[in-house]
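Scroll down for the structure; my scribbles are underneath it.
The values are calculated or read from the model by the stated rules, or taken from the named source; none is laboratory data. Just so you know, these numbers come straight off a predicted model, no measurement behind them. Positions of Cβ are backbone-derived with ideal geometry, glycine not excepted, and every protein chain shown enters the neighbour counts.
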Amino acid sequence: MAASSGDYTGCSILIHDEGGNHLCSTVVTSFDKSTLRIEVEETPKNLINGAFCRLLILSSPAPYEYHGRVIKEGTRIAIAMYKGQEKENRGAARYEVNLTARIEHLICDGRAYPLHTPLEVRVLNISKSGVRFRTPFYALSDGDRFNMRMKISDNEKLLIASVTNHSDHESKTSEYGCSFLISKDKGG
């Protein structure tokens, strides 16, 4: 797990409990790099003072993963972050989500080619190294590179990824596992 050299302020963040259950998706409103402490935009009721959590911060050029402890101060919520992480066999913890996103461009030879009709996808999980999503039946091939726009709490995120594997389902849908190439925040 790498530490960022930048500022997480304005980045989208996914917060899960230590068991991997999704608690909220929100935006970082402030970041103190010296103490690794963030404040978040919303004050979700399911974040309990003193509770431990897992965080995936969607920052550029790649997402960063931390563990944290919730600190409630009046109506504000802060999270003290630390770098400890339990190891999973796959190398990066998955954060289960249920978000929509759009694939707007395929990338070939370093150029982005717009799709005539953007592809709407359902994001199933995301990690610091990639994303898994479901689409209508067979929309992409292994090795395809693409731009994906995802919105979390009015913060739009541009993710650039490559399909590493896919599986087709009888329900006329396909699931894709993808690795991030780079990622960019819109407006911060």
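Things to note:
- Taking first residues from the range 16-30 that are in contact (Cβ under 8 Å) with a residue 24 or more places away in the chain and partners that are surrounded by 20 or more Cβ atoms within 10 Å (Cβ to Cβ) and among the aromatic types (Phe, Trp, Tyr), the Cβ contacts under 9 Å between residues at least 6 apart in sequence or on separate chains come to 16/95; 20/95; 22/95; 28/8.
- Some residue of the range 111-120 being within 26 Å of residue 65 (Cβ to Cβ) and either outside any strand (DSSP E or B) or of a type in the set (Val, Ile, Thr) (or both): no
- Considering residues of the range 53-72 that are hydroxyl-bearing (Ser, Thr, Tyr) and within 10 Å of the chain's Cα centre (by Cα) only, the residue farthest from residue 130 (Cα to Cα): 59
- With respect to (1) in contact with a Phe, Trp or Tyr (Cβ under 6 Å, 6 or more places away or on another chain); (2) in contact (Cβ under 8 Å) with a residue 60 or more places away in the chain, the lone exception for residue 103 is condition (2).
- Within the range 45-85, the residues that satisfy the criterion of being at pLDDT below 80 and over 12 Å from residue 16 (Cα atoms) are 45, 60, 61, 62, 74, 75, 83, 84, 85.
- Residue match in the range 112-121 (condition: touching an Asp or Glu at 6+ places or on another chain (Cβ under 8 Å) and exposed (fewer than 13 other Cβ atoms within 10 Å of the Cβ)): yes
- Options 179, 127, 153; residue that is at pLDDT 90 or above and either within 24 Å of residue 22 (Cα to Cα) or not aliphatic (A, V, I, L, M) (or both): 179
- For residue 24, the test of being in contact with a strand residue (DSSP E or B) (Cβ under 9 Å, 6 or more places away or on another chain), closer than 17 Å to residue 97 by Cβ and at pLDDT 90 or above is failed.
- Candidate set: the range 136-146, residues that are in a strand (DSSP E or B) and at pLDDT 90 or above; chosen: the one farthest from the chain's Cα centre (by Cα): 145
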